[in-house]
Amino acid sequence: MTIDFSTRIEAGVNAVFPDIIVQKCVFHAIQLLIRGLIKEFTKIKKDYLLDHIEEWRELRRYALSLEKGKKTPKTLEFKFEDVKQARQIYVKLRRILSNDDLVQVKHNLRSFLSTPQFAKWEGAREFLSKYDDILRSGKFKFSPKGLKYVVSKIYKAWRAVIRELRKNLEKTKSHFNDIKYLVLMNPINMEPYHSKELRKYLKEFPWLRRYRRILVKFYYQFRLPSEKRTSLNFLSGLLTENSHSWLKSAVQTLIDNEECVFRFQRVPELFPKVKACKSIKVVNESCNKIVNQLYHTQCGMRTIKNIRMRISNRLICPIFISPSLLEKIK
């Protein structure tokens, strides 16, 4: 009998058919791992992209609050190094530009922009370009009258730079949304343009190669004879200490049920007269949909007779009603 990974269905099968050979549905086995990986990728996107983007936005709000003279939190904690570095640059600029001595401001600013600390900043080149444009235009100069305009333009240039850094990160997020589904695709279903896109994005996200390599190996196991198939223990390579609980559960479930998942490979040798067909290894999803519809409606199922009649008529086959259901109805 072919079933999915529901422990309740398995318990019912074992209760009614204690000697039956159980095959775990191949479709549900693949679906189980894919859903775990989708949860894992969603977690990675949040931890390394969405949170990162939000920190850039928080830094911009923090800078605007300071410039408008509003109260800001004394300690603003960031976990991403590039955001921390951008904040340090901003704090240093504020310290320099808050000086009343015009000559000292100009000297300190020029000295700071040539320091290794500033040169190592990711947005240094873009900032210098905007800074030169401010002075090259001729409209703004380091004079007692023009200083306040220069200062506001410098702060604006810094905000423009961190906006560009955030936009680059948002573009990376968009690319990640595209590649995660390519990584999960079965190689059999991939068209040439899928493969081309996948290779392009894997250059941007090389750490995803490990997931792709293991997943392709997993897909390949279903096309091999039983004697050539390897143990599913290699799926443990998908896991890290911080992996999503769904992925950990999926990997462990597949490893524990490995023999039942690949039992279809031994059908010809166990039952020579049985012709290998899709129904041996995959649950009939149309039947499941019908059963779910009946479960949601439950109309006219007040007695055992009605239950048996309605379900057997919809499925066009005889049905077994478990003793536990009889106990519930009583």
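Couple of notes before you dig in:
- With respect to (1) in a helix (DSSP H, G or I); (2) over 26 Å from Tyr219 (Cβ atoms); (3) free of Cβ contacts under 8 Å to residues at least 24 places away in the same chain; (4) among the basic types (Lys, Arg), the lone exception for Arg314 is condition (3).
- Test set (1) at pLDDT below 95; (2) assigned to a helix (DSSP H, G or I); (3) touching a helix residue (DSSP H, G or I) at 6+ places or on another chain (Cβ under 9 Å) - Ile255 fails condition number: (1)
- Residue ID - modelled with the lowest pLDDT, chosen from residues in region 258-276 that are assigned to a loop (DSSP other than H, G, I, E, B), farther than 16 Å from Phe222 by Cβ and not basic (Lys, Arg): Val274
- Lys305 passes every criterion in (1) in contact (Cβ under 8 Å) with a residue 60 or more places away in the chain; (2) exposed (fewer than 10 other Cβ atoms within 10 Å of the Cβ); (3) charged (D, E, K, R) apart from (1).
- Restricting Lys180, Lys173 to those that are among the basic types (Lys, Arg), touching a residue at least 24 places away in the same chain (Cβ under 8 Å) and surrounded by 17 or more Cβ atoms within 10 Å (Cβ to Cβ) reduces the list to Lys180.
- Test: Met301 is assigned to a loop (DSSP other than H, G, I, E, B) and either over 40 Å from the mean Cα position of the chain (by Cα) or modelled with pLDDT under 85 (or both): yes
- Filter result (out of contact with any helix residue (DSSP H, G or I) (no Cβ under 8 Å at 6 or more places or on another chain) and over 21 Å from Glu269 (Cα atoms)) within region 221-241: Thr240, Glu241
The values are calculated or read from the model by the stated rules, or taken from the named source; none is laboratory data. Treat the numbers as computed from the prediction; the structure is a model and nothing was measured. Note that each Cβ is placed from the backbone with ideal geometry, even for glycine, and that neighbours are counted across all protein chains shown.
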